[in-house]
1. May I have the pair-distance distribution P(r) for the chain, computed from all Cα-Cα distances with 20 Å bins from 0 and rounded to whole percent?
2. So what are the radius of gyration and Dmax for the Cα set of segment 82-168, in Å?
3. Report the Cα centroid-to-centroid distance between segment 129-181 and segment 23-67 in angstrom, as an integer.
4. When the Karplus curve 6.51 cos²θ - 1.76 cosθ + 1.60 is applied with θ = phi - 60°, which whole-Hz ³J(HN,Hα) does each residue of segment 183-200 get, with x for Gly and Pro?
5. Taking the alpha-carbon set of segment 209-322, what are its Rg and Dmax in Å?
6. Please report the net charge: other residues with Cβ closer than 14 Å to the Cβ of residue 141, K and R +1, D and E -1.
7. Please report the accessible area of residue 204 (heavy atoms, 1.4 Å probe, ligands and nucleic acids excluded) in Å², nearest 10.
8. For the chain, with all protein chains present and a 1.4 Å probe, just round the carbon and sulfur fraction of the accessible area to a whole percent.
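The values are calculated or read from the model by the stated rules, or taken from the named source; none is laboratory data. From a predicted model like this one, the values you see are computed outputs, not experimental measurements. Using ideal geometry, Cβ is built from the backbone for each residue, glycine included, and neighbour counts are taken over all protein chains shown. Surface accessibility is based on the protein's heavy atoms, side chains included, excluding ligands, DNA and RNA. Shrake-Rupley method; radii C 1.70, N 1.55, O 1.52, S 1.80 Å.
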Amino acid sequence: MSLESDQASGPRRIIHIDMDAFYASVEQRDNPALRGLPLAVGGSRERGVVAAASYEARKFGVHSAMASVTAKRKCPELIFVPPRFDVYRAVSRQIHAIFQRYTPLIQPLSLDEAHLDVTQPLIDLGSATAIAREIKRSIREETGLTASAGVSYNKFLAKLASDYRKPDGLFVITPRMGPGFVEVLPIGKFHGIGPATAAKMNDLGILTGADLRRQTREFLATRFGKAGDYYYAAARGEDDRPVVADRQRKSLGAETTFERDLTAWDEVPPVLGPLCDKIWGAHLRSGLAARTVTVKVKYADFQQITRARSVAGAIASQAVMEEIGYELLRPLFPPRLGVRLLGITLSNLDSPAGPARRQLALTLE
């Protein structure tokens with residue numbers, strides 16, 4: 001049974017917590033020799049990809065999903081370390097245990113960020129801002145890491161607020177501030193508007209939140225489909241989505257867009273590996289069983305295709321997921337055009353007490 005926030009009694013109090021350069025910060029915490037140095041978590045080989053970058057590396061323009069060769073060119077002193085997802089997951093569990101002291105309404109977005117509804121907190125410190133400040137303090141004391149927090153009356157603005165004063169920031173967007181804050185925001189900064197959509201909006205003359213607010217709901221629906229309603233509301237600082245805890249997901253997926261289109265098969269493994277690491281970590285945390293793997297390919301002309309395969313029982317390991325992913329992608333190479341995006345998703349999710357596992361338990365008994 002899922003829990004979700006209720007807005008019937010007035011404005012919600014939402015906190016968005018986002019860990020600062022999470023993977024890189026964990027590596028610098030655990031190895032003091034790396035502190036203060038430009039660091040990338042990921043593979044340093046020619047086809048490697050940066051999974052995370054420290055703030056020292058970001059000053060040179062290094063960021064996640066960047067090809068390692070590009071990152072090294074931007075920052076010749078860049079130090080690469082391999083990812084340790086088991087450690088990151090353990091730290092994430094510590095952080096979520098801190099969240100649970102204040103509210104059961106926690107919606108994780110990834111290992112390093114989550115929305116919290118503290119409209120009716122378990123420990124009331126007088127304001128959502130005070131709770132956010134206390135959470136940040138506890139994270140620092142108990143994990144040795146810093147987090148940024150955004151506080152607002154909806155999820156959209158809380159996430160924007162957490163980005164506003166990174167790292168180690170705390171920013172509040174009140175109901176009075178919300179519409180004005182969004183008005184001056186570049187359209188590419190809107191959560192839910194990726195590079196392709198931002199480019200399409202720019203072509204339509206929509207460069208800022210104010211430009212977006214001038215569009216009618218019908219115009220946005222015609223150009224952007226179902227997302228048009230979300231864009232219409234977001235441009236006004238509105239977001240009715242509740243914080244939903246313990247929701248059973250329909251799928252777990254990840255994708256990445258490349259700075260340079262892929263054209264050869266040997267470019268696929270360095271990309272697919274980190275995506276599978278991310279998805280399998282989320283899959284393990286979910287406690288669900290998956291039976292379907294889907295891959296997505298978007299070409300240079302923005303046309304996209306998907307390929308899927310299902311198995312009879314639960315997918316037993318990350319290696320099996322990756323093997324299916326490779327088998328689905330291999331016939332698509334060499335591609336008809338350069339590949340600008342690759343994605344992979346687990347779906348057909350079932351609870352641990354689902355049919356396949358219930359049958360296994362009966363057999364063992």
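1. Bins of 20 Å from zero give 25, 60, 15, 0 percent of pairs.
2. According to the Cα coordinates of segment 82-168, Rg and Dmax are 12.7, 43 Å.
3. Taking the Cα centre of segment 23-67 as reference, the centre of segment 129-181 is 24 Å away.
4. 4, 8, 6, x, 4, x, 8, 5, 5, x, 10, x, x, 5, 5, 4, 5, 5
5. 18.5, 51
6. For residues surrounding residue 141, the net value is +3.
7. Using a 1.4 Å probe on the heavy atoms, I get roughly 70 Å².
8. After summing per-atom areas, the C and S share lands at 52 percent.
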